[in-house]
1. Just to check your reading of the model, which residue among 112, 155 is closer than 27 Å to residue 205 by Cβ and buried (at least 18 other Cβ atoms within 10 Å of the Cβ)?
2. Taking only region 91-117 into account, find how many residues are farther than 19 Å from residue 53 by Cβ and touching a helix residue (DSSP H, G or I) at 6+ places or on another chain (Cβ under 8 Å).
3. Before we move on, is residue 182 modelled with pLDDT of 90 or more and either not in a helix (DSSP H, G or I) or not assigned by TED's automatic domain parsing to the domain that holds residue 109 (or both)?
4. Go over the candidates 146, 187 one by one and state the one that is free of Cβ contacts under 8 Å to residues at least 24 places away in the same chain, in a helix (DSSP H, G or I) and out of contact with any strand residue (DSSP E or B) (no Cβ under 9 Å at 6 or more places or on another chain).
5. Can you name the condition, by its number, that residue 141 falls short on among (1) touching a residue at least 60 places away in the same chain (Cβ under 8 Å); (2) part of a loop (DSSP other than H, G, I, E, B); (3) not assigned by TED's automatic domain parsing to the domain that holds residue 128?
């Protein structure tokens, strides 16, 4: 019975494996599949060794069964993919693909060492879904995938043969939210040998006409796929850096870049120019907005206190006014850079009509007021309002315009 062969494999009983190898080498499990008991019809001893991470058995069995592939599909527990869901192991999968999905780190190291010193069908194998070892690795997480992606033999053989479009390693890292894999692609893209393949995958849409960035922004069941929104954001950051280099590379090679991607790049450049323009006009923006708010603050303070405002009070409130506006302006710029919509509740400064403002004469002399046809305003720059003498008006009716352009009359009493 071949059961003893599989049992010896799972127990890491290498002497027993050596003893039984003449009779059971390349034997496949004929028992009906029972995932609850972790029995999979068609598995070889090496497949079980990779499944249970039995490194000593793997090391021995690679010399006997390295080229044997699975002959049927199975739903298996795949902690390398996600601890909370099963994953489909396709027919014609290699022992390395099993070890990756099972997060069998020691077994993976054994297989990679074997690959470096032997010619084997593990390298370049494609399962029934069209996945090779690199595609499977791109769906997984954990530091062990680094060893797979930096194996020269696997890269040189498998990376050029990966079809562009759906389920490329670059696409998988975006969809499943694998920041470590994305970081690996950034490093690999710096090597001319692999640059072309990484950039082509990055610039190619999938069958639904989505780019890698759009795929990464799509909502998925984070728990099911063992990822999170934070991980996806990290992938987007990595890919945005990579995208700029990919455009430069494509243009240098004379490739026709997707119109949508071109449009996206133009939008980003326009956005940068817009942000730069806003930053350059910050002082102007501050001046325009602060004028009306200053009058509103002074009106409200005077009405609340119903007594003259001292020179010290005016200076203090003007300082507070500009501090608040500086923070608002900073938040506005941050919102534009991060593309976050910002909603600000605005109120009219002209709700108190035909009321009396009580301002001390000393404070009035320091307030830079415009002519009666303009707006009651505070100077847009704090140091001017505190240091420069200001024009002032005699007591009487005064007309100013609020932020909505409506003319309103107030009475100045000194």
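The values are calculated or read from the model by the stated rules, or taken from the named source; none is laboratory data. Quick caveat, the model's predicted, so the values are computed rather than measured. Counting neighbours? That spans all protein chains shown, and the Cβs are built from the backbone with ideal geometry, glycine included.
1. Exactly one of 112, 155 is closer than 27 Å to residue 205 by Cβ and buried (at least 18 other Cβ atoms within 10 Å of the Cβ), namely 155.
2. Of the residues in that region, 1 qualify.
3. yes
4. The unique qualifying residue is 187.
5. Result: residue 141 fails condition (3) only.
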